[in-house]
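The numbers here are math on the coordinates, done by the rules we state, and not lab data. Please read these numbers as outputs of a predicted model, since none were measured by experiment. FYI the Cβ positions are ideal-geometry reconstructions off the backbone, even for glycines, and counts take in every protein chain you see.
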Amino acid sequence: MSPDGTPLLVLALVAVALTAVLIAVGWDRGGRLRWPLRLVAVVAALLSVSATVLVQLNRMTEAYSTDAEPEPEAGPEPAAEETPGGSQLLTVTVAGKASGLTSTMYVYLPAAYRTGTQRFPVMEALHGYPGSPRTWLRKLQVRSRLDTEIAEGRMAPAVVLFAPNTPRQLLDTECTNLRGGPQSETFLTVDVPAYAMAHFRVRTDRAGWGLIGYSAGGYCASSLALRHPDRYAAAASMSGLAGPEIVVGDGTEDTLHNVVWRLEHLPRPPVALWIGWADDEQGTRRDALRIARAARPPVSVTTAMVQRGGHSHAVWRQMEGPAFDWLSAHLARPLP
Amino acid sequence: MSLTGIPLIIVVALSAVVCGAATALLWSRSGRGRYVVRTLGILVTEAALVLCAGLVVNRSQQFYPSWAALAGDTGTRSATAPVRAGALDSALAGRSELDWHPRDLRRWHLAAPPKAFVPPDYPTRGTARFPVLLVLGDTAVTAPEAGAVTVALRPTAATTATALRSLVADLGKDVRVTPGGWVMVAGADQAALAGHLARTSPGLFRAIAVVERSPVATLASLGRTPPGTALAIVRPAAAPGHTGTSAPGVVTLTAGAPTAWQTAMTWTGTQLGPALTPPLLLPTGSAP
């Protein structure tokens, strides 16, 4: 049973109903053990309600799932989901030498990848917290969005990598190298590119590499682009803040890991940023405007706004098409 | 009542209290129906408590700031700007090459009218815009770069960079071109012109290659280029004892006279942006 499936939610709801019935019917029974039994029943009821809430939250964020978990990479052919003649979605395992992290990654290969010998531009797509690469696929329907944008010619065919920001679902790394913890920044900016370059026909120059993300992943995209301008030419942040809002461990949360601080205090690299927000979400709106104000050439900032929707999947479904189109236009084309 | 307002939270919290109290009150007073009353009372109270907690979290985190947001309504539509046909589109319907006579041609003092080439898919992809390969110098361009509009100019000593500034806008009117992702190839004598053009259109040119005559030439005549512009120098032969004379980040290519220009164009071709139809756009918001 998958942790994000309907059966588990139904099971949890049944447990809630059963514990309620148990209390209602058993309250007056039990003789001398009446009070301990009542206590057990009430605790069971609380647990069942909590479990239901957690299951539903997981369904909303797609943080945990057993679906499409990869087999350990057996052969050269990774597990693939196929559409005849269309795009492909692969599940691969990246064993990161530089970071020491090993994680599952989804790889979108455009339809054009099947034929010819082109080397494609690459976009690393980063998820929010809590969340997982699956959130892109299940909640943001990213695959059909990419298929559409490419088919309409608004986006050049690109390889899109959906890598996890964190090796542990309950640990928010904000794509940083946590002191004494997972080296997610190294994983995302060294190991994932190395894997992609070794296994797929992709461009290897910075002009062909970009980042995109929503929520925490949006912060990750803009921050990683500014921190690694030798590897990425452009980044799109959907509802991302300017800072990590976690403790990185080396006291650089508000400086080296803050997008606005970097723009104001460090030499600015030639990086193009796309910053999108929902106008009814105050935090990201405030930070987006601060980033836009702090940017000076050669950093360019393109802003985009949806009227309302808060911090929700509906907002990012609305934003991802424009963001992918923009990103494609700011990367180099597929190499013949 | 606002989804994130205090009143709604109070109402839901009060209903939890009332439901809980009513359940307790009716716990042993409902006769034969007491099991049903108890069960329903517990379930409704639990639901109200969960709802209340959800509202408090949502108020602080602003996941759904309004009922409309909760319903998935963003109140916004992304749209694509209509593509403006190039003034020369009809002239380019049956041919891939023409002599270009823009409005400001006389002020540019060129040796001959520029040659404009469009790729084979230009007429069929009627809504697509193409990046531009701009060639400045004495060379015979015979074929377009795939996926790009190629414009070849022969500047003279009288050609000034100031006058050439109008080229970008003029080309945008006559041919469907992208607003970025262009590249440039220039001869040794046109390098200063190329550098000036790149400086006056920051963000437009991704890459510049200069075809030099001397094996020890540098890109000095290009001047400062906008950061992020990829640079290459094509020399006729590897300079003996001059390895590493190029500035850091400059690609050094070696090709003699017959292939030097083609080498430069091939390299800039790798730096071009894609040909694209107009993107989906959202409002830009109130950013400066």
### Task
Could you tell me the largest-minus-smallest coordinate of the C-alpha atoms of chain A on each of the three principal axes, in descending order and whole angstroms?
80, 47, 41
### Summary
Taking a crude spin-label model, label points 7 Å out from Cα along the C-beta direction, the residue A:10 to residue B:81 distance in nm is 5.1 nm
### Query
In whole Å, how far is the Cα centre of the stretch A:257-282 from that of the stretch A:315-336?
18 Å
### Task
List the relative contact order of chain B as a percent without decimals, with contacts defined as Cα pairs under 8 Å and 6+ residues apart.
17 percent
### Query
Order of A:245, A:320 from fewest to most other C-beta atoms within 10 Å?
A:245, A:320
### Message
On the Cα set of the protein assembly as shown, report Rg and Dmax in Å, please.
### Response
29.9, 109
### Task
Report the label-to-label distance for residue A:93 and residue B:140 in nanometres (one decimal), using points 7 Å from each Cα along the Cα→Cβ vector.
6.0 nm
### Summary
If one compares the long axis through the Cα atoms of helix B:6-26 with the longest principal axis of the Cα atoms of chain B, the angle in degrees, nearest 10, works out at 30 degrees
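Would you mind computing Rg(Cα) / (2.2 N^0.38 Å) for the stretch A:213-336, counting N as its residues?
Values: Rg = 13.9 Å, N = 124, 2.2 N^0.38 = 13.7 Å.
Ratio of Cα Rg to 2.2 N^0.38 Å: 1.01.
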### Task
Using the charge dipole of the protein assembly as shown (Lys, Arg: +1 at Cβ; Asp, Glu: -1 at Cβ; taken about the Cα centre), state which of A:239, A:189, B:149 has its Cα farthest towards the positive end.
A:239
### Message
Just to confirm the number: angle between the C-alpha axis of helix A:6-26 and the first principal axis of chain A, 0 to 90 degrees, nearest 10?
### Response
20 degrees
### Query
What's the FRET efficiency of residue B:67 with residue B:14 using the Cβ-Cβ distance as r and R₀ = 22 Å, to the nearest 0.05?
0.65
### Query
Relative to the longest principal Cα axis of chain B, at what angle does helix B:257-271 sit, 0 to 90 degrees, rounded to 10?
10 degrees
### Query
residue B:121 to residue B:22: extension gain in nm, 0.36 nm per residue of separation minus the Cα-Cα distance?
28.2 nm
### Query
Sequence-distant or interchain residues sharing an amide H contact under 5 Å with residue B:209, placed H: which?
B:184, B:185, B:186, B:232
### Query
Taking the Cα atoms of the stretch A:296-336 alone, what are Rg (to one decimal) and Dmax (as a whole number) in Å?
13.5, 42
### Query
Hey, rough spin-label estimate for residue A:42 and residue B:36, points 7 angstrom out along Cα→Cβ, what's it come to in nanometres?
2.7 nm
### Task
May I ask you to derive the FRET efficiency for residue A:60 and residue A:32 from their Cβ-Cβ distance with R0 = 51 Å, giving the value to the nearest 0.05?
0.70
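Take B:9, A:246, A:291 and order them by how many other Cβ atoms sit within 10 Å, fewest up front. If you can, show how the numbers build up before the last one.
On the way: B:9 20, A:246 16, A:291 25.
Lowest count first: A:246, B:9, A:291.
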